[in-house]
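The values are calculated or read from the model by the stated rules, or taken from the named source; none is laboratory data. Because the structure is predicted, anything quoted here is derived from the model rather than measured. As a convention, Cβ positions derive from the backbone with ideal geometry for all residues, glycine included, and neighbour counts pool all protein chains shown.
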Amino acid sequence: MEQQTQDKTTQTQSSIKVYMIYSPSTDLCYIGKTKRDLQKRFTEHKSSTNKCSSRELLDKYDDCEIKLLLQIEGNEIDGNIEESKQIQLYNSINKVLSYRSEASKKAKAKEYAKQYYIKNGNKIKQYEKSKYVANPEAKKQKTIEYYYNNKHIINQKVHCDICNIDIVKSYFIKHLETQSHKTNELHKNYEILLEKCYECK
């Protein structure tokens, strides 16, 4: 029921105003959106109960004003998209975008995970190590699960032209270091050299 109400609210069409709070004393600004009267919304921003990032601008500059940037007919998502466009267009003090595409969300989450691991990688490794030392059966189970979830990748094979055999991809680098491969490579190079010598005659 809650999801249905949310979807209905999202799809409701209305007049949405995207506005800017700015000061002639700086190029910084705040971007917002509202369905109400602009001056009434401006009064709410100046209220002591205001907790949004516009407070930063209003506390620092006494000459702040509000102006309409654009007005659209649309739903909440449409309003969020237009507001986010203006946030990126101007030198705004908004802390977050009101709308991000799914691709943008995934990219941000991936970058966050990467930076988190860079910062906490050693702690994570130590935690994993201590967890499996205390419970070796859990490590064994995780290894089995990893294999079954990724066996199509693990068992993928590549062809070694020198040895004329197919080898599991994960083992290919080690195969290049084996004595049999190095011997075959020498024979192959010798055969190529012989062919060039015959061509030169």
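Within segment 10-31, the set of residues being in contact (Cβ under 8 Å) with a residue 60 or more places away in the chain and either not β-branched (Val, Ile, Thr) or not in a strand (DSSP E or B) (or both) comprises Thr10, Gln11, Thr12, Gln13, Ser14, Met20, Asp27, Leu28, Cys29, Tyr30. The residues of segment 109-146 that are over 27 Å from the mean Cα position of the chain (by Cα) and closer than 25 Å to His175 by Cα, listed by number, are Thr143, Ile144.
Entry remark, segment 54-76: residues being in a helix (DSSP H, G or I) and either touching a strand residue (DSSP E or B) at 6+ places or on another chain (Cβ under 7 Å) or in contact (Cβ under 8 Å) with a residue 40 or more places away in the chain (or both) number 3 in total. Any residue in segment 101-124 that is small (Gly, Ala, Ser), closer than 18 Å to Thr34 by Cβ and at pLDDT below 90? No: segment 101-124 contains no residue that is small (Gly, Ala, Ser), closer than 18 Å to Thr34 by Cβ and at pLDDT below 90. Of the candidates Lys129, Lys142, Lys174, the single residue that is surrounded by 11 or more Cβ atoms within 10 Å (Cβ to Cβ), touching a helix residue (DSSP H, G or I) at 6+ places or on another chain (Cβ under 9 Å), charged (D, E, K, R) and part of a helix (DSSP H, G or I) is Lys142. Selection over segment 77-100 of residues that are out of contact with any strand residue (DSSP E or B) (no Cβ under 8 Å at 6 or more places or on another chain) and either at pLDDT 70 or above or in a helix (DSSP H, G or I) (or both) gives a count of 9.
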